[in-house]
Protein chains: 2
Amino acid sequence: MFVRIATDRSPRPNSLRDFGMTSDPNTIVSLSEFTYRKGTEVYGEKEPAEYVYQVKVGAVRSYKLLTDGRRQIGAFHLPGDIFGLENGGAHRFTAEAIIDTTVHLIRRQSLEMVAKSDAMVAKNLFGMTTANLHHAEEHMLLLGRKTSLERVAAFLLEMDTRLTAADVIALPMSRRDIADYLGLTLETVSRALSRLHEFGVLGFIGNTQRQIVLLDRVKLASFDLQN
Amino acid sequence: MFVRIATDRSPRPNSLRDFGMTSDPNTIVSLSEFTYRKGTEVYGEKEPAEYVYQVKVGAVRSYKLLTDGRRQIGAFHLPGDIFGLENGGAHRFTAEAIIDTTVHLIRRQSLEMVAKSDAMVAKNLFGMTTANLHHAEEHMLLLGRKTSLERVAAFLLEMDTRLTAADVIALPMSRRDIADYLGLTLETVSRALSRLHEFGVLGFIGNTQRQIVLLDRVKLASFDLQN
DNA sequence: CGGGCTATTGACGTCAGTCAAGCGGGGTGG
DNA sequence: CCACCCCGCTTGACTGACGTCAATAGCCCG
């Protein structure tokens, strides 16, 4: 299968046809595939939303920046996740590939056309927006009121349910990404992980520090006070 | 007009008829009115969502609690605002009247029935959910990355656009409510307001401390770094 | 007039941030 | 093949912004 790798911002209008994966005329929704290299931007905040994306392999971060560079990551998008879905016409986050990432992409316009006639599709879109809202609401509680240890514990529990195969969490993102997701600094995240390690809640394996073994999920959960 | 005042949790099922405002048989959506006294709960988190509410007069806070009592207010609902709209079956916040508050209420079920047949209504519901999502996304940035002064400035700017008649902001909520909305303590909010006062950005009028005059909107905006 | 509630202000404490050093793995180039 | 460098992470020492605790003042209401 011929797949082009993005080195800068892609896909650009009319580039879909380039790698021969646009829909045939009988398909209503064009489903294409594209790969973004580690660190490349999928779309920028306030750009018109032309596509909706689904992660096939890889990981994506969605974030907002303040003028002085402070960054808040609103969500991580992992395999299976759909992102870039906007009701208004413009993206409200910048999205970047954390690691090399392959996505399916669908023209927003096609999707809206289908949704207009197919109530089931419309309902699904509504459901996705609702799920995003739920996530944001929980995250406000975390950002506004939880301690650093609670935030990191909550993060690990979230990642555990979202990307674990077996009992090893293979984090695609750096400590800085985690910090910007949790409203902390990378040092504080690192210290919290070390403390959880000392407590016997988790272990590190492999030669990178991004593979985490959960040794005691119950104890880990006790560090996040939930609501 | 006969309107009952809630002293505890209301309305209870079948209580709508009590004050004679349920819809006549020709109206599809039943539109009733109800008043909650200051401090009373409109609904609790995880309760089944039976009604959708619109503030007529007053103000409502929506919040989540951690087990140890830490509170995060997710939104304030002011006259005209619709709240309690859930896609799933249960409320995800507790809602309380901040001051005596009169709401219109609509049975969720009726609303869903109408939405099923009327695409315009469905679109509006989707739009409200999207607006809530936008608000939550902006608030994550505030909670995760802004300083106390920036948060308070952002809060005043939000309230200015949402409830000002003339150039006086008449805040219905206490310093504690503001603090729990901004992820701060009430003392920090008070200090930030004092600083903004010193800077000549705002003044207080009246005998309560909840009436604020914006003297310099431009300068105020410069305290919130926006994105 | 008194009690309770809310807000302000000050003194002090603490948790997370800042700054900096050092470690270790991976990749590159000599 | 090895040496070096770069990058991400950890850890320590110190700082600082915000939280905590407490005193006081003003307002509201009975």
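No lab work stands behind these numbers, since they all come straight from the coordinates. The shown structure was predicted, so the numbers you read here are calculated from the model rather than taken from an experiment. As a convention, Cβ positions derive from the backbone with ideal geometry for all residues, glycine included, and neighbour counts pool all protein chains shown.
From the helices alone, meaning DSSP H stretches of at least four residues, give me the mean residue ellipticity at 222 nm for chain B, per-run term -39500 (n - 2.57), in deg cm²/dmol to the nearest 500.
Values: 6 runs with 81 residues, N = 227.
Counting only the DSSP helices, I get -11500 deg cm²/dmol.
What angle do you read, to the nearest 10 degrees and between 0 and 90, between the alpha-carbon axis of helix A:108-117 and the longest principal axis of chain A?
Rounded to the nearest ten degrees, it is 80.
Would you mind listing how long the protein assembly as shown runs along its three principal axes, going by Cα atoms, in whole Å with the largest first?
Cα spread of the protein assembly as shown along its principal axes, largest to smallest: 72, 54, 47 Å.
Please state the Cα pair-distance histogram of the range B:171-227 with 10 angstrom bins from zero: what percent is in each bin?
22, 52, 25, 1
Once each part is reduced to its C-alpha centroid, what is the distance from the range B:89-129 to the range A:161-216 in angstrom?
When both Cα centres are located, 40 Å separates them.
Any chance you could run the full-extension gain for A:GLU41 through A:SER117? It's 0.36 nm times the residue separation minus the Cα-Cα distance, nm to one decimal.
Stretched fully, the A:GLU41-A:SER117 segment lengthens by 24.1 nm.
P(r) for chain A, please, calculated from all Cα pair distances in 10 Å bins and given in %.
7, 30, 33, 20, 9, 1
For B:ARG92, enumerate residues with amide H under 5 Å from its amide H, sequence gap 5+ or separate chain, H modeled in the peptide plane.
Result for B:ARG92 returns B:LYS46.
Run the simple label-point estimate for B:LEU65 and A:GLN226 please: 7 Å along Cα→C-beta, distance reported in nm.
A separation of 1.7 nm, rounded to one decimal place.
With only Lys, Arg, Asp and Glu charged, each at its Cβ (+1 for the first two, -1 for the last two), find how big the charge dipole of the range B:146-223 is about the Cα centre; round to the nearest 20 debye. Intermediate results must be reported in sequence, preceding the final value.
On the way: 10 positive and 9 negative charges, 17 e Å.
Value, rounded to 20: 80 debye.
Given H placed 1.01 Å from N in the peptide plane, which residues other than close sequence neighbours of A:GLY74 have an amide H under 5 Å from its amide H?
So A:GLY74 has HN proximity to A:SER62, A:TYR63, A:LYS64.
Please report, for A:GLY44, the nm distances (one decimal) from its label point, 7 Å out from Cα along the beta-carbon direction, to the equivalent points in the remaining copies, shortest first.
For A:GLY44, the inter-copy label distances come out at 5.0 nm.
May I ask which of A:LYS146/B:LYS123; A:LYS123/B:LYS38; A:LYS46/B:LYS123; B:LYS46/B:LYS116; A:LYS38/B:LYS146; A:LYS116/B:LYS64 have a Cα-Cα span longer than 31 Å here?
Details: A:LYS146/B:LYS123 36 Å; A:LYS123/B:LYS38 37 Å; A:LYS46/B:LYS123 22 Å; B:LYS46/B:LYS116 25 Å; A:LYS38/B:LYS146 28 Å; A:LYS116/B:LYS64 35 Å.
As for pairs spanning more than 31 Å Cα to Cα, those are A:LYS146/B:LYS123; A:LYS123/B:LYS38; A:LYS116/B:LYS64.
Could you name the aspartates and glutamates whose alpha carbon sits less than 14 Å from that of B:LYS56, not counting residues in the same chain fewer than 8 places away?
Straight-line reach from B:LYS56, under 14 Å: B:GLU33, B:ASP81, B:ASP100.
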